[in-house]
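Peer 1: First, the structure itself, so that you have it in front of you.
The values are calculated or read from the model by the stated rules, or taken from the named source; none is laboratory data. Predicted, not measured: the structure shown is a model, and the values here were computed from it. Using ideal geometry, Cβ is built from the backbone for each residue, glycine included, and neighbour counts are taken over all protein chains shown.
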Amino acid sequence: MNGIKSRYCTILDVKRTGMSVFGNGKSQGKIMTTKEKAISVIERLADDVSLDEVIDRLYLLRKIELGIEQADSGDVLEHDCFMDELEAECPQPFSHW
């Protein structure tokens, strides 16, 4: 998990001050356009990156952005409610965790 965390955290800098800043965090005080976010993410990837990795990174960042939008709008579940729903879908205990 530590490798995954560092891999994605190094390319993501989200500030919850009314603007989303992706990539190197150089927004010059303005909200970055989608194109600017995508370019910033791609520029930070290795030169030998595969197209699949580029797509994966952009997809991940979009999902994070959507999650932040949902949280900001109050579209969230309390932890206990989420766990109840999860257990209803998957009744076996998660013994490997």
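Peer 1: Across segment 65-90, which residue is farthest from Lys37 (Cα to Cα) among those that are touching a residue at least 12 places away in the same chain (Cβ under 8 Å) and among the acidic types (Asp, Glu)? Steps first, answer last, please.
Peer 2: We begin by selecting, within segment 65-90, every residue touching a residue at least 12 places away in the same chain (Cβ under 8 Å); these are 65, 68, 72.
Okay, now just the ones that are also among the acidic types (Asp, Glu), so 65, 72.
Values: Glu65: 11, Asp72: 20 Å.
Of everything passing the filter in segment 65-90, Asp72 is farthest from Lys37 (Cα to Cα).
Peer 1: May I pose another question? Which condition number does Ile31 fail, the rest of (1) at pLDDT 50 or above; (2) out of contact with any Ser or Thr (no Cβ under 9 Å at 6 or more places or on another chain); (3) not in a helix (DSSP H, G or I) being met?
Peer 2: Of (1) at pLDDT 50 or above; (2) out of contact with any Ser or Thr (no Cβ under 9 Å at 6 or more places or on another chain); (3) not in a helix (DSSP H, G or I), only one is false for Ile31: (2).
Peer 1: Please identify the pairs in which a residue from segment 39-64 that is without any contact (Cβ under 8 Å) to a residue 40 or more places away in the chain and loosely packed, with under 10 Cβ neighbours inside 10 Å has its Cβ atom under 9 Å from the Cβ atom of a residue that is part of a helix (DSSP H, G or I) and not small (Gly, Ala, Ser), counting only partners at least 6 apart or on another chain.
Peer 2: Short answer, once both residue conditions are applied: Ala46/Glu53.
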